[in-house]
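The next block holds one structure in the form of structure tokens; read it before the comments.
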Amino acid sequence: MTYFTSWEEYAKAVEKLYVSDPNKCRFVTKYIHSKGQLCLKMTDDVVCLQYRTEHTQDIKKMEKLISQLMRHMASKESK
Amino acid sequence: MTNSTNFVKSEQRWHHIVLGSALIAEAEAIALQKRSQYQFVLCLVYALYPDINDGRVKPKPRATATAAKSSVKSNKASQHTADAEYRCLIRAVLGSKKISTVIAQKDVNKFQLAYCNLLKGNMDGLKKKEKAAKSKAKVQAI
């Protein structure tokens, strides 16, 4: 799959995918220090959403997204 | 549910850490230790982790010929799953080192705080914002 170019689009797509089937989704962060790269991936083994960045300011956005996801995952609602 | 058990299948190889805060400490230690290496890749996986086995990490043993008894049990289990609390499974990989933890709802805030600090502190190989330089250039251009 190709990488998303805009963070906003990516965040929206991730949330959509997660809501469609929370039981199947997983989120992967990969940080490669030598390349100064941060890769994010959200997949349910059918669709795969990826985002790649080299900028520090994206860490904050990522944290927000992760916090949201984590909160959803560790909640009592089964949806 | 089958999907989550798939995740857990290879669990024997994972060094499972019960406390989220302990995972953070461990991850920090590994990150520091591997700093000098030319490649530093930290992989984190977040997945929904239904509380099927009361926090059991290893896969459930497969149902065998004595299914008569276990069918009653599995009924109970499915009932339990229906109103079970969902938790978040977190895994970190660096080279051959693998650690994992499960976060319950009440620990989410605490874990997030520690985790975000870890990210901010260690992902320092990324490019910094060049806003200051750019705005100066703009002023000069005007």
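The values are calculated or read from the model by the stated rules, or taken from the named source; none is laboratory data. If you're wondering where the values come from, they're calculated on a predicted model, not measured in any experiment. Accessible surface areas use protein heavy atoms only, side chains included; no ligands, DNA or RNA. Shrake-Rupley method; radii C 1.70, N 1.55, O 1.52, S 1.80 Å.
The amide H of A:GLN37, built 1.01 Å from its N in the peptide plane, has A:ILE32 as neighbours under 5 Å, considering only residues 5 or more places off or on other chains. Using the Stokes-Einstein relation with a Kirkwood hydrodynamic radius computed over Cα pairs, the translational diffusion coefficient of region A:22-69 at 25 °C and a viscosity of 0.890 mPa s comes to 213 µm²/s.
Surface composition of chain A: carbon plus sulfur atoms hold 50% of the accessible area, using a 1.4 angstrom probe and ignoring ligands, DNA and RNA. The A and B chains share an interface that buries close to 3400 Å² of accessible area, total over both sides, probe 1.4 Å.
Stretch A:ASP21-A:THR43 to full length: gain in nm at 0.36 nm per residue minus the Cα-Cα span? Write out the running numbers ahead of the final one.
Working: separation 22, 0.36 × 22 = 7.92 nm, distance 1.06 nm.
This chain segment gains 6.9 nm when fully extended.
May I ask for the angle, rounded to the nearest 10°, between helix A:57-73 and the longest principal axis of chain A, with both axes built from Cα atoms and the value confined to 0 to 90°? With both axes taken from Cα atoms, the answer is about 20 degrees. If one takes the longest principal axis of the Cα atoms in chain A, at what angle in degrees, from 0 to 90 and to the nearest 10, does the Cα axis of helix A:7-20 lie? For A:7-20 against chain A, the angle is about 30 degrees.
List, in the order given, every pair from A:LYS24/B:LYS128; B:LYS106/B:LYS128; A:LYS16/B:LYS98; A:LYS60/B:LYS97; A:LYS60/B:LYS98 whose Cα-Cα distance in the structure shown is over 28 Å. Where the Cα-Cα span goes over 28 Å, the pairs concerned are A:LYS24/B:LYS128; B:LYS106/B:LYS128; A:LYS16/B:LYS98. Once the Cα-Cα distance is subtracted from the 0.36 nm per residue extended length, the A:HIS55 to A:ILE32 segment shows a gain of 7.0 nm.
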